[in-house]
Amino acid sequence: MFCKQCGKEIPDGFSFCGLCGTPVDAPPSTPAQEVPQGGPHVRRKTRDVGKPNIPFRVKFMAFLSALRLTVPLRFKLLALFAVIVFAISVFNSYNRPAGSSSTASSEVTAPPKTNRQFLDETKHIIESAKSSADLVDASARLALIPANAPEAAEVKALQKQLQAKQKITYRQEAIRARQESVAQRDAMAKFFENSYLDKGYSVDVVATGRDHTTFHMKWALATKAFVHNFSKQTEFFEQAQSAGFKRVEITDGFDESWSWKLD
């Protein structure tokens with residue numbers, strides 16, 4: 001016998017398909033006998049066979065077969081992934097050390113620092129400070145110590161050391177900034193000299209004056225027409241001003257010279 005739903009062969013004795021679970025058609029029942037007219041209304045009793053008694057194992061196998069045919073592969077993969085994640089979470093929960101907790105309430109906060117700790121940290125910063133920002137941090141730590149604290153005398157002594165250190169540090173930073181600015185202007189003058197040499201012009205360009213703030217160009221063939229066209233190079237003058245140049249000079253090395261003030 002074959003199933004009318006999926007076409008699978010059904011062994012003898014089975015009342016439903018083992019693949020799709022479709023019940024097998026029951027044999028036709030015998031028609032009930034008619035009651036003669038005029039006779040007593042006697043109703044023939046028929047035995048109700050009810051639903052077939054199907055074992056649970058067979059029902060479960062039929063369910064798995066139907067599930068395999070109807071559920072798409074992506075849902076099966078999602079279900080497998082969910083089972084794996086659940087198993088990992090259960091495993092981690094059982095292997096977590098006793099007393100451990102991920103809540104913020106169980107975290108132990110560090111105790112507040114004492115005035116002595118602030119003083120020690122300030123001393124260390126003053127001794128190893130490399131920039132004015134470090135000294136600002138040291139000053140902020142001293143400000144956290146109350147004026148009426150027992151360490152007030154030490155705070156005043158450290159403030160004097162801090163002020164002296166700040167003067168030295170600010171002076172050193174100003175010197176470094178000046179040196180970097182001078183080097184930038186020298187590099188710009190050298191760049192323009194090389195650019196004119198590449199064009200075939202025998203030009204000398206240097207940064208002169210105090211802090212090298214004067215852009216000086218020397219060209220024996222400099223003429224009024226050349227200077228006129230040069231004065232229209234607004235991009236050059238903007239770059240020179242941003243580099244810290246205060247004056248631009250052009251001379252032919254003899255009698256003629258032209259200059260522009262940038263500040």
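The values are calculated or read from the model by the stated rules, or taken from the named source; none is laboratory data. These numbers come from a predicted model, not from an experiment. For neighbour counting, all protein chains shown are included, and Cβ atoms are generated from backbone atoms with ideal geometry for every residue, glycine included.
Listed values, structure above:
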quantity: Long-range neighbours under 7 Å by Cβ, at least six apart or interchain, first residue within 13 Å of W219 (Cβ to Cβ) and touching a residue at least 24 places away in the same chain (Cβ under 8 Å) within segment 235-260, second in a helix (DSSP H, G or I) and among the hydrophobic types (A, V, I, L, M, F, W, C); calculated: I250/V227; I250/F230; W258/V227
quantity: Failed condition for T169, given (1) assigned by TED's automatic domain parsing to the domain that holds S132; (2) over 30 Å from I126 (Cβ atoms); calculated: (2)
quantity: Members of segment 124-161 that are assigned to a helix (DSSP H, G or I) and closer than 30 Å to D211 by Cβ; calculated: S132, A133, D134, L135, V136
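Table: residues versus (1) closer than 21 Å to D252 by Cβ; (2) aliphatic (A, V, I, L, M); (3) in contact (Cβ under 8 Å) with a residue 12 or more places away in the chain.
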{"residue": "Y170", "(1), (2), (3)": "no, no, yes"}
{"residue": "A177", "(1), (2), (3)": "no, yes, no"}
{"residue": "E180", "(1), (2), (3)": "no, no, no"}
{"residue": "F191", "(1), (2), (3)": "no, no, no"}
{"residue": "V203", "(1), (2), (3)": "yes, yes, yes"}
{"residue": "T208", "(1), (2), (3)": "yes, no, no"}
